[in-house]
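Encoded as C-alpha cells, the structure appears first; notes follow it.
The values are calculated or read from the model by the stated rules, or taken from the named source; none is laboratory data. Note that this is a predicted model, so its numbers are computed, not measured. Don't worry about glycine lacking a Cβ; one is built from the backbone with ideal geometry, like all the others, and counts go over all protein chains shown.
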Amino acid sequence: MYITKKNYTGQLTTGISLMVWALISTDNKEKLYRATDYWNLFDGMGFDQHGVLVFLQFKTNAFPAAKPIEAFCKQRKQKVVAINVKTNIKNKPQILVREYD
C-alpha cells in the first residue's frame, strides 16, 4: 500500500458510516449540515517519515478537485496526498497519487 511504502505512521481515517460530524454555521444562523470528512475535504491524516502531518484524500476512478485542496494547503500551510484508485473489472486496480504542498 502506498501509505505503508512511504513510511507514514499514525494514520487516522474516517469511516463514512462510522463518524458523522454535525456542523453549525459560523454566522449564527440555523444552518446545520453533516460532514463525514475532516474539513469536508479529507478522509484521513497521518504523519510522514519526517513527522510532518499530512492530510489524506481517497477517491475511486477520479482525482478530487484540486482548487479546494490547494486553497487549504495555502491557507493552513499543510501537505495533502490525494490517492486515486482506478478500478476496472478486467485489470488490477491502479493506484495514482498527487501530492500538494
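Condition (residue is in a strand (DSSP E or B), surrounded by 13 or more Cβ atoms within 10 Å (Cβ to Cβ), at pLDDT 55 or above and not basic (Lys, Arg)) applied to region 15-34: is it met by at least one residue?
no
Test Lys67 against the stated conditions and say whether it is on the phi > 0 side of the Ramachandran plot and at pLDDT 85 or above.
No; evaluated as a whole, the condition is false for this residue.
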